[in-house]
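Worksheet: one structure, shown below.
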Amino acid sequence: MSGKRYSPEEIIAKLREAEVYLAEGVKVGEVIRRLGVNKITYYRWRQEYGGMKVEQAKKLKDLEKENARLKRLLADAELDKAILKEAAGGKLVGPSRKREFIEHACGRLGVSERRACRLLKQHRSTQWRKPVRADDEDALTFAIIELATRYGRYGYKRITALLRSDGWHVNHKRVARIWRREGLKVPIKQPKRGRLWFNDGSCVRLRPQHRNHVWAYDFVQDRTRDNRKFRMLTVIDEFTRECLAIKVKRRLNNQDVLDVLGELMVQRGVPDHIRSDNGSEFRAKALRKWLGNIGVKTLYIEPGSPWENGYNESFNGRLRDECLKVELFNNLMEAKIIIEMWRRHYNTVHPHSSLGYRPPAPQTIIPADLAPANWELPPDQPSIRSNLMVT
């Protein structure tokens, strides 16, 4: 008996031959001898292929191959999944990062380097190549950072040109690698803004020189507990930083602005200028005519340039940060009371950095001859004492 391996077709043919012998009355032992196999092989053949046709055997063989292939694919997929799970801790965005991870995966999971490189799309020659740091790497990096700091709008290509003009023999690819490694990038372009000194009434063009020189006003909006909106008209003196009034109503129009200004001017005098944005309430013909009649010059900031009304915008931010964001107003009357209390606190207690960390109102309401002996003017406000007067 030979150790030959038979195909399913040959096995089925021999089993049919054995059936013929048995039908003729030949003993089983003689049949096995004629087939040229041992007894165990014969009975195993009968158990696996007994009663089958050649076509059925071929299909069974194909199914076994397909099943084995699917098992291998499933095993490979699970292994790839395990490799990618190890890489979930960070992005593999460069050859060096991939090189480090592949070495880690091979040591931890026992996978082959070939499989890990194929999964991460890293060429094996790149994996084998060890980076060599040039002797002038540190000096070149310092030069690139210095140029990028000096020329903030230049990219790595322009920086490469500057390096070459300085005597560096370097190509743009090396500069790009260092550029990425150091996290350098060109800032996103900002929208163009008009120069403050080109705008009549800007904070730079016209600074307040004394009390009632420049007033500024603006609107602030908030909501009561029932989610209904209400508006506030804030008026400040830019020189003394004092909040002159905060008018609170559900709706405010140009007539309300005129009423507030009229009351303030009766109490405190007429300012030389008044600064505001270009809102419809501030540009109303009736309001502009009334201000012109009493000799107040209007200073309108450029559209979309709130920084030109910086004193009032800063005050509005303080109002929102210290009052509106921490108070829940149940109704409009409660909002009026709390906001007025905060205004008085701001004028009399709140320390202002531009006034030497003193509140603005005491410096404007205490007469000079009644001021404490140890009270001194801040160095940047030499003319405040001469403008003190009782309101």
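Computed values, structure above
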item: Cα-projected label distance for residue 226 with residue 69, points at 7 Å along beta-carbon direction, nm; result: 7.5 nm
item: Sequence-separation-based contact order of the stretch 227-334, relative, with Cα cut under 8 Å and 6+ spacing, percent; result: 23 percent
item: Cut-off 16 Å (backbone N to label point 7 Å along Cα→Cβ of residue 173), residues of the stretch 96-138; result: 96, 123, 125-127, 129-134
item: Full-extension gain in nm, residue 340 to residue 17, via 0.36 nm per residue minus C-alpha separation; result: 105.0 nm
item: Extension gain (nm, one decimal) between residue 118 and residue 307, 0.36 nm per residue minus Cα-Cα; result: 62.4 nm
item: Charge sum, other residues only, whose C-beta stays under 14 Å from residue 291's C-beta, Lys/Arg counted +1 and Asp/Glu -1; result: +3
item: Alpha-carbon centroids, the stretch 111-188 and the stretch 223-246: separation in whole Å; result: 54 Å
item: The stretch 277-336 pair-distance distribution - Cα-Cα, 10 Å bins, rounded %; result: 18, 31, 32, 18, 0
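Rule-based calculations on the coordinates, nothing more; no lab input. If you're wondering where the values come from, they're calculated on a predicted model, not measured in any experiment. Neighbour counts are summed over all protein chains in view; Cβ atoms, including those assigned to glycine, are modelled from backbone coordinates with ideal geometry.
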